[in-house]
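Colleague: The structure under discussion is supplied below as structure tokens; questions concerning it will follow.
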Amino acid sequence: MDKYLICGLGNPGDEYRGTRHNTGFMVLDAFAKASNIVFEDRRYGFVAQTSLKGRKVFLLKPTTFMNLSGNAVRYWLGKENIDQKRLLVVSDDVALPLGAFRLKGSGSDGGHNGLGHIQQLIGQDYARLRMGVGNDFPRGAQVNWVLGRYSDEELKTLQPSIDKAVDIIKTFVLTGIDFTMNQYNKLGKK
């Protein structure tokens, strides 16, 4: 059976719930809710699993904190013997406007600490879905911005992209990265 690892980046703990940096967690929570599955507290993260048309899908929300996300990703890829080409990492991105998204088959970490740590441990040859959180902050205030909570208004703007991200994950598992990028990237521009 083909296996896939979908990792949403964020920080564990109630104080980070609803923050921009936890957008990856929010996408995985939406996917789990839509799939009627629940996360269990496992090694290096909260893990849920389901299957899509005979493919096994593992959802991972690392509990390592953002800057050490690579530890959780590397562990679960190894534990479940999942090919890196079947890894999709969902993260927040300040370079994209709120509600925009961009899917890539590989590439740099774009200055994102979570992606940077994953890249240190497994290289940059894995798919990533970057969810725009905007950058409406003064110079030097990026940390406060990404660790700040979404307003109700911002959540209304973000929700359609979270719903689309759930579809993107399913399409990635069923058809692969190239088809998924062709189908969705034009929709992700804001």
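The values are calculated or read from the model by the stated rules, or taken from the named source; none is laboratory data. None of the values given here were measured: they were computed from a predicted structure. Using ideal geometry, Cβ is built from the backbone for each residue, glycine included, and neighbour counts are taken over all protein chains shown. SASA here: full protein model, heavy atoms, side chains in, ligands and nucleic acids out. Shrake-Rupley method; radii C 1.70, N 1.55, O 1.52, S 1.80 Å.
Colleague: Tell me, yes or no, whether the range 136-143 has at least one residue that is touching a residue at least 60 places away in the same chain (Cβ under 8 Å) and under 22 Å from ASN11 (Cβ atoms).
Modeller: Within the range 136-143, none of the residues are touching a residue at least 60 places away in the same chain (Cβ under 8 Å) and under 22 Å from ASN11 (Cβ atoms).
Colleague: Here is a further query. Out of GLN142, GLN159, I need the residue that is polar (S, T, N, Q), within 18 Å of ARG17 (Cα to Cα) and under 17 Å from the mean Cα position of the chain (by Cα). Which one? Break it down into steps so the answer makes sense when it comes.
Modeller: Numbers: GLN142 fails: under 17 Å from the mean Cα position of the chain (by Cα).
Criteria check complete, one pass: GLN159.
Colleague: Pick out the one residue from VAL38, VAL47 that is β-branched (Val, Ile, Thr) and open to solvent by 60 Å² or more (accessible area, probe 1.4 Å).
Modeller: After ruling out the rest, the residue left standing is VAL38.
Colleague: Quick test for you: out of GLN120, GLN84, GLN124, pick the one residue that is over 14 Å from GLY24 (Cβ atoms) and exposed (fewer than 14 other Cβ atoms within 10 Å of the Cβ).
Modeller: Details: GLN84 fails: exposed (fewer than 14 other Cβ atoms within 10 Å of the Cβ); GLN124 fails: exposed (fewer than 14 other Cβ atoms within 10 Å of the Cβ).
Exactly one of GLN120, GLN84, GLN124 is over 14 Å from GLY24 (Cβ atoms) and exposed (fewer than 14 other Cβ atoms within 10 Å of the Cβ), namely GLN120.
Colleague: For TYR4, indicate whether it is over 15 Å from the mean Cα position of the chain (by Cα), surrounded by 16 or more Cβ atoms within 10 Å (Cβ to Cβ) and under 23 Å from ASP109 (Cβ atoms).
Modeller: The answer is no for TYR4.
Colleague: Of the residues that sit in the range 58-70 and are more than 12 Å from the chain's Cα centre (by Cα) and under 23 Å from VAL38 (Cβ atoms), which one is least open to solvent (accessible area, probe 1.4 Å)? Don't jump to the end; show me each part of the working.
Modeller: Filtering the range 58-70 down to residues more than 12 Å from the chain's Cα centre (by Cα) leaves 58, 63-65, 67-68, 70.
This time we only want the ones that are under 23 Å from VAL38 (Cβ atoms), so: 58, 63-65.
Values: PHE58: 5, THR63: 46, THR64: 21, PHE65: 96 Å².
Out of the qualifying residues, it is PHE58.
Colleague: Follow-up. Which condition number in (1) closer than 19 Å to PHE31 by Cβ; (2) surrounded by fewer than 24 Cβ atoms within 10 Å (Cβ to Cβ) is the one that VAL94 fails?
Modeller: Looking at each condition in turn, VAL94 falls short on (1).
Colleague: Please go through the range 97-115 and give me each residue that is out of contact with any Gly (no Cβ under 7 Å at 6 or more places or on another chain) and open to solvent by 10 Å² or more (accessible area, probe 1.4 Å), ordered by number.
Modeller: LYS104, GLY105, SER106, GLY107, SER108, GLY110, GLY111, HIS112, ASN113
Colleague: Any residue in the range 95-110 that is assigned to a helix (DSSP H, G or I) and either under 20 Å from GLY176 (Cα atoms) or touching a residue at least 24 places away in the same chain (Cβ under 8 Å) (or both)?
Modeller: Checked the range 95-110: no residue is assigned to a helix (DSSP H, G or I) and either under 20 Å from GLY176 (Cα atoms) or touching a residue at least 24 places away in the same chain (Cβ under 8 Å) (or both).
Colleague: Please state which one of GLU80, GLU15 is free of Cβ contacts under 8 Å to residues at least 24 places away in the same chain, farther than 29 Å from LYS189 by Cβ and acidic (Asp, Glu).
Modeller: Just a single option satisfies the conditions, and that option is GLU15.
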